[in-house]
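Right, one structure below, let's go through it.
All of the numbers you see were taken from the coordinates with simple rules; none came from a lab. Keep in mind that this is a model prediction, so the values were computed, not measured. Note that we place each Cβ from the backbone using ideal geometry, even for glycine, and neighbour counts take in every protein chain shown.
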Amino acid sequence: SIVDPQLRPGYHFQPPKNWINDPNAPLYYKGWYHFFYQYNPRGAVWGNIVWAHSVSRDLINWVALEPAIEPSIPSDQYGCWSGSATMLPDGTPAIMYTGIDRPGVSYQVQNVAYPRNRSDPLLREWVKPGYNPIIVPEGGINATQFRDPTTAWRAGGRWRLLVGSVAAAGGGGARGAAFVYRSRDFLRWARVRRPLHSAPTGMWECPDFYPVEAAGRREGLDTSVPGRPRVKYVLKNSLDLRRYDYYTVGTYDRRAERYVPDDPAGDECRLRYDYGNFYASKTFYDPARRRRVLWGWANESDTTADDVAKGWAGIQAIPRTVWLDPSGKQLLQWPVEEVDALRGKSVTLKGRVLKPGQHLEVTGLQTAQIDRSVVESFGAGGETCILSRVYPSLAIGKNARLYAFNNGKADVKVSRLKAWEMRKPLMNGA
Ligand code: FRU
């Protein structure tokens, strides 16, 4: 096999080979978690994009199915790009996604797809109704920067969704914008003239917009939760120019169809989900455990030539539960609790002081199965998260070691350090 076993992660989501990017339409249906993602069936570089599909009982062990959405109709024949799922009131999931409908220029329209058979918990087949596309760029919208529909939410008998785009370029360059489309029947969609929100950041890809409980409650909220005083909203955008996912916390005025960030400084590039490699992320509401779960793509940081040589590129971060910090000023994130089930043998250190420049080896564990080319860190109870890709050439297999080190200027007291061996989950048959 051309797939490089030395650098393949142990328990981060990955198909057996080839290129992957954005998470798409995560959803929970009849006891199964569904995960779709941007996938190139023909190689380890971006291109030929289809929606690959995997299912899981626990967000950790994954089984790969056939691709769910592939180019097949005039309005997606040159690519099936990112999108989201909406659970309709009768329990049917609908997928909305961006289709590329002409060669050369990536002219973008929005399509809808429904399960062929609602009684199949694995949702293997998806049907695209003949009335597609449902949304086309009109009224001065830039057709090459108009994509990634969000999960729709319903209020007062009307559905709404967002499409990532740019507003007319002002003095300071292009404004990223999230346009609101509304519908009474989930069929005919009309744009609200002013965007939900915009900022001078360049194009917004993969917007995400969802309610969170105010003041520190960990419980998640359905995207269509009725507005009440103790509900805040989060607007996340993936900034094409910077390649990072930024979010703000604020309020949503559904009458005016406007979102207003709380931060009076109005800095749209202050808070990141992750201060490492994490892009095009998307949340979903998990009704089974009443939590909001965040998926994000971690690209490689090696060269394209290395990706081609190893036969694969891209992983997904461990899904994270997200909730609002008690201060109301930022989110907290923590890996979903199911990942703990992979823990095996452990070692614990207590009350050790590390002087500046000192390090301490954590011994007694088999490190060969830990996660090779990815390190994901959660600091201060989930206030700050950093996902890094690493490509060790020496610290591989039995030569990998685990250390606590102090590179600072003051003593550090390690009151308690616990480390585990990790088992390997089912990972799409790889
Ligand atoms: C983000 C993105 C999306 C687009 C998709 C195409 O990484 O560029 O805006 O829909 O990837 O694969």
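Counting neighbouring Cβ atoms within 10 Å and putting the fewest first, the residues 283, 384 line up as 384, 283.
How much length would be gained if the chain were fully extended between residue 136 and residue 6, taking 0.36 nm per residue of separation minus their Cα-Cα distance, in nm to one decimal?
Values: separation 130, 0.36 × 130 = 46.80 nm, distance 4.51 nm.
Between residue 136 and residue 6, full extension yields 42.3 nm more.
How big is the gap, in Å, between the Cα center of the range 283-312 and the Cα center of the range 48-119? Between the Cα centre of the range 283-312 and that of the range 48-119, the gap is 17 Å. The charge dipole of the chain, taken about its Cα centre with unit charges on the Cβ of Lys, Arg, Asp and Glu (plus for the first two, minus for the last two), comes to roughly 980 debye.
So what is the relative contact order for the range 14-335, in percent, with contacts set as C-alpha pairs under 8 Å and at least six apart? Don't jump to the answer; show the numbers that get you there.
Values: 862 pairs, mean separation 45.4, N = 322.
The normalised contact order for the range 14-335 reaches 14 percent.
Taking the charge dipole of the range 344-422 about its Cα centre, with +1 at Lys and Arg Cβ atoms and -1 at Asp and Glu Cβ atoms, the residue from 353, 404, 384 reaching farthest to the positive side is 353. Each residue of the range 263-279 was assigned a 3J(HN,Hα) from its phi angle through the Karplus curve 6.51 cos²θ - 1.76 cosθ + 1.60 (θ = phi - 60°); the sequence is 5, x, 5, x, 7, 7, 10, 9, 9, 10, 4, 8, 9, x, 9, 6, 8 Hz, with glycine and proline shown as x.
Around the amide H of residue 273, modelled in the peptide plane, lie the amide H atoms of 245, 247, all under 5 Å away and 5 or more residues distant in sequence or on another chain.
Pairs to check: 310/345; 236/418; 350/398; 232/282; 398/424. Give those whose C-alpha atoms are more than 22 Å from each other in this structure. Long pairs (Cα-Cα over 22 Å): 310/345; 236/418; 350/398. Across the range 375-391, rounded Karplus estimates of 3J(HN,Hα) from the backbone phi angles (6.51 cos²θ - 1.76 cosθ + 1.60, θ = phi - 60°) give 10, 10, 10, 10, x, 6, x, x, 6, 9, 10, 9, 9, 10, 9, 9, 10 Hz, Gly and Pro being marked x. Sorting 64-74, 348-358, 149-159 by their mean Cβ neighbour count within 10 Å, with the most densely packed peptide first, gives 149-159, 64-74, 348-358.
Ordering 23, 225, 46 by Cα displacement along the dipole of the chain toward the positive end leaves 225 in first place; charges were set at the Cβ atoms of Lys, Arg (+1) and Asp, Glu (-1). The phi-based Karplus calculation (6.51 cos²θ - 1.76 cosθ + 1.60; θ = phi - 60°) puts the 3J(HN,Hα) values of the range 102-118 at 8, x, x, 6, 8, 7, 10, 10, 10, 10, 10, 9, 10, x, 5, 10, 5 Hz, whole numbers, x for Gly and Pro.
Just checking the listed ones, 113, 265, 309: in the Gaussian network model of the chain with Cα springs under 10 Å, the one fluctuating most is 265. Given +1 at the Cβ of Lys and Arg, -1 at the Cβ of Asp and Glu and no other charges, the dipole of the range 102-209 around its Cα centre is 400 debye to the nearest 20. Positive end of the charge dipole of the range 94-212 (Lys, Arg +1 and Asp, Glu -1 on Cβ, about the Cα centre): tell me which of 156, 190, 100 has its Cα farthest that way. So the residue we want is 156. Counted by Cβ distance under 10 Å from residue 167, the other residues give a net charge of +2, where Lys and Arg count +1 and Asp and Glu count -1.
The Cβ shell under 10 Å around residue 261 holds other residues with a net charge of -3, Lys and Arg each +1, Asp and Glu each -1.
Among 19, 126, 32, the ranking by other beta carbons within 10 Å of each residue's beta carbon, starting with the fewest, stands as 32, 126, 19. Classification of the range 14-335 by its C-alpha gyration tensor yields a rounded form. The axis ratio a/c (a ≥ b ≥ c) stays under 1.5.
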